[in-house]
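Asker: This is the structure, below, for whatever I ask next.
Read the figures in this text as sums done on the coordinates, not as results from a lab. This one's a predicted model, so the numbers in the text were calculated from it and none came from an experiment. So basically every Cβ, Gly included, is an ideal-geometry build from the backbone, and we count neighbours across all protein chains shown.
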Amino acid sequence: MTRNAAIESWVKEMAAVTQPDRIHWCDGSQAEYDALVQLMLKDGTLIELDQQKWPNCYLHRSHSSDVARVEHLTFICSDSKDDAGPTNNWMSPADAKAKVWPLFSGCMKGRTMYVIPYLMGPASSRLSKVGVEITDSPYVVANMRTMTRMGNVALEHLGSATEFCKGLHSIGELNPEKRFICHFPKSREIWSIGSGYGGNALLGKKCFALRIASNMGRDQEWMAEHMLILGVQSPQGVTKYVAAAFPSACGKTNLAMLVPPPEFKGWKVWTVGDDIAWLRYGDDGQLWAINPEAGFFGVAPGTGDDTNPNAIAALRKNSIFTNVAVTEDRQPWWEGFGKPPAKATDWKGNPWTPDSKEKAAHPNARFTAPAKQCPSASPEMENPKGVPISAFIFGGRRATTMPLVFQAFDWNHGVFVGAGMGSETTAAATGAVGIVRRDPFAMLPFCGYNMGDYFGHWLKMGAKSAKAPKVFHVNWFRKDKNGKFLWPGFGQNMRVLQWILERCEGKGAATTTPIGHVPAAGAISTQGLDISPDQMKDLLAVDKTEWANEAKGIAEFFGQFGERLPPAMKQQLDELNTRLA
Ligand code: GTP
Ligand code: SPV
Ligand code: MN
């Protein structure tokens, strides 16, 4: 294996603190993966699924207190509190050193330290970046192998350079009282202890690719976003790409893998990424995006052949299932995946039947699957150039207020729409579910610096090019008076994508409202759908009373940024209120 002196000396330093029995340098090979799986089957970390029907698939049950991201235990450790901003938890580097660092002392005694060099992004892309994660969890290693490009490819990308994201992780005692996820933007470092769960422990994902990378993007004029990337190919064979930011568990994976309905003959959607996008302008003035990840860490519940057949095809082999249920014949199962089995073992290991009060799978149960196994995987996924983005789409889970789709008037208004985003909370993070909270750009838990400055960065990125993407907002989750979703969603979202792409070409009929351009009656095709014109009207309605309330919520949210709120954002809010009056 290629060696890198900076990595070696850092590993030595960390080993002196954590005192592992052994150090294993991961090469990312199949043989290494297989050996780790054997080890985890033996100690019960993994449970074997039916290998005939589910080749190379395993179940992992996490600790029942360790099933989601812990936003209240996630910290930005910038020198000043102001640089973390009002929406992040802040811990001073000195406090982190005093409070969190001692937890690592001797934490790997009796354990193996795994050193994972990994590359975020395609090999040889100027957008790709190297990270190294040190961990004592073989489950983390196995997941990182699927989610990143692991081993020599990363070391070769780094060469003799010294700049890589340092991530130290230990499951520690899996004790919520001793659980911390700390980010050091200046030194590009992460310390994570006490959790083995996805976003807390797979440090390449939210910790590096969003919290640390958003800092790098601000400094180096690029963007790190919580966005899916997809391509829409027309029957004429032309493919246009869009990137969409929805909060956790609000439909990115599903939209990224959309299967167009039968009415869309000859149309095809290609998946480039389902969770994270890194974007940078090319010399042509277009914004190009890569997916830094190599796998999907997707929400299992609600994922079925009827809603997302591409995800189901992707996860049928070489996948790890976390906190799903398992049937007596060792098939994985979760709510939404076909018929409930007569009998199963739930995610906690308890007997379960369809009459049980508890859910079989945890609402945030996840699958880890290689991206290239997805039937809709874009051939451009490995392109070091990335793909050019025509439109940004923001969205959230909103029972009221937000129409099915609208277009922002211009870039700055689009930034305001992103900054004012709200969504009902989900099981992806611990805490109450179903409460509307502001989640600007779907980045509330992931922006690694002051969110006011982040809005400023977005404004600046738009001003850089006349070819900046057009901006839209969607809502698949609007409900009728009886609490039923008004829109069928999933594959039918293709109808909305089509209008968005038409608008990007200066076509697509629209009505101008105080909040933006909304599709004109009939501009979104409902052919083949069981939706009345009245229902469409409800879906597209802009209610001034609801919006006055929305504007109030945004104003309140903006208020906490004080001087750090760019004046253009205040101006956009004033203009919205004027248009609503
Ligand atoms: P993270 O991986 O947490 O970032 O989430 P994500 O944004 O990728 O969410 P995902 O696509 O996994 O969707 C989460 C939940 O939303 C699932 O239970 C889906 O079934 C549901 N969902 C996704 N798209 C739609 C839609 O168009 N309509 C409705 N009603 N539900 C949807
Ligand atoms: C999310 O919560 O937005 C996820 C899952 O994509 S995690 O990796 O845990 O962040
Ligand atoms: Mn996510």
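Asker: GLU177 to ASP530: extension gain in nm, 0.36 nm per residue of separation minus the Cα-Cα distance? Write down the numbers at each step before the final one.
Answerer: On the way: separation 353, 0.36 × 353 = 127.08 nm, distance 5.11 nm.
Difference between extended and current length: 122.0 nm.
Asker: Using a cut-off of under 17 Å, list every residue of the range 262-301 whose amide N is near the label point 7 Å from the Cα of LYS467 along the Cα-to-beta-carbon line.
Answerer: Label zone hits: 279-290.
Asker: Along the Cα-to-Cβ line of GLN236, 7 Å from the Cα, sits a label point; which residues in the range 254-288 have backbone N less than 17 Å from it?
Answerer: 265-268
Asker: While we're looking at this one, here's another question. How much length would be gained if the chain were fully extended between GLN571 and ALA548, taking 0.36 nm per residue of separation minus their Cα-Cα distance, in nm to one decimal? Provide the component values of the computation, followed by the final result.
Answerer: On the way: separation 23, 0.36 × 23 = 8.28 nm, distance 1.60 nm.
Contour length minus Cα-Cα distance gives 6.7 nm.
Asker: If you don't mind, there's one more thing I want to ask. Most exposed first by the Cβ proxy, i.e. fewest other Cβ within 10 Å, how do LYS205, LYS481, LYS507, LYS359 rank? Don't skip to the end; give the middle numbers.
Answerer: Values: LYS205 25, LYS481 6, LYS507 11, LYS359 16.
Sorted ascending by nearby Cβ count, the order is LYS481, LYS507, LYS359, LYS205.
Asker: In nm, what is the difference between 0.36 nm times the number of residues separating ALA432 and ASP34 and their Cα-Cα distance?
Answerer: Numbers: separation 398, 0.36 × 398 = 143.28 nm, distance 3.85 nm.
Once the chain is fully extended between ALA432 and ASP34, it gains 139.4 nm.
Asker: I would also like to ask the following. Under a plain spin-label model, where a point goes 7 Å from the Cα along Cα-to-Cβ, how far apart in nm are LEU580 and ILE23?
Answerer: The modelled label-to-label distance comes out at 5.8 nm.
Asker: What FRET efficiency would be calculated for the residue pair ALA123, ALA5, taking the C-beta separation as r and a Förster radius of 22 Å, to the nearest 0.05?
Answerer: Once the sixth-power term is evaluated, E becomes 0.50.
Asker: Another question, then. Mind ordering 422-431, 15-24 by average Cβ neighbours within 10 Å, highest first? Don't jump to the answer; show the numbers that get you there.
Answerer: On the way: 422-431: 19.2, 15-24: 14.5.
Final packing ranking: 422-431, 15-24.
Asker: Follow-up question, since we're still on this one. In degrees, nearest 10, range 0 to 90: what is the angle between the Cα axis of helix 494-504 and the longest Cα principal axis of the chain?
Answerer: With both axes taken from Cα atoms, the answer is about 70 degrees.
Asker: For the range 295-373, what is the number of Lys pairs with C-alpha distance below 25 angstrom, counting only pairs 8 or more positions apart or on separate chains?
Answerer: Number of lysine pairs found: 12.
Asker: How high is the FRET efficiency from GLN560 to ALA521, r the C-beta distance, R0 30 Å, rounded to 0.05? The partial results should precede the final answer.
Answerer: Details: r = 40 Å, r/R0 = 1.32.
With a Förster radius of 30 Å, E is 0.15.
Asker: So what J values fall out for the range 319-333 if you push phi through Karplus, 6.51 cos²θ - 1.76 cosθ + 1.60 with θ = phi - 60°, rounded to Hz, Gly and Pro as x?
Answerer: Working through the residues one at a time gives 10, 10, 9, 10, 6, 9, 8, 9, 7, 5, 9, 6, 9, x, 8 Hz.
Asker: Shifting gears a bit: Which order do the peptides 188-195, 377-384 come out in when sorted by mean C-beta neighbours inside 10 angstrom, highest first?
Answerer: Ranked by mean Cβ neighbours within 10 Å, highest first: 188-195, 377-384.
Asker: Angle check, please: helix 451-463 long axis (alpha carbons) against the longest principal axis of the chain (alpha carbons), in degrees 0 to 90, nearest 10.
Answerer: 60 degrees
Asker: Something else about it: Applying the Karplus parametrisation 6.51 cos²θ - 1.76 cosθ + 1.60 with θ = phi - 60° to the phi angles of the range 8-16, what ³J(HN,Hα) value in whole Hz is obtained for each residue in order, glycine and proline being reported as x?
Answerer: Karplus values, whole Hz, x for Gly and Pro: 4, 6, 5, 4, 4, 4, 5, 5, 5.
Asker: Taking the Cα-to-Cβ direction at LYS42 and at ASP355 and moving 7 Å from each Cα, how far apart do the two end points lie in nm?
Answerer: In this crude spin-label approximation the distance works out to 4.3 nm.
Asker: Please identify every one of the trypsin sites (Lys or Arg not before Pro) in the range 264-295 that sits in a loop by DSSP and has no more than 12 other beta carbons within 10 Å of its own beta carbon. Please list the in-between numbers first.
Answerer: Numbers: sites: LYS265, LYS268, ARG280; in loops: LYS265.
Filter output for the range 264-295: LYS265.
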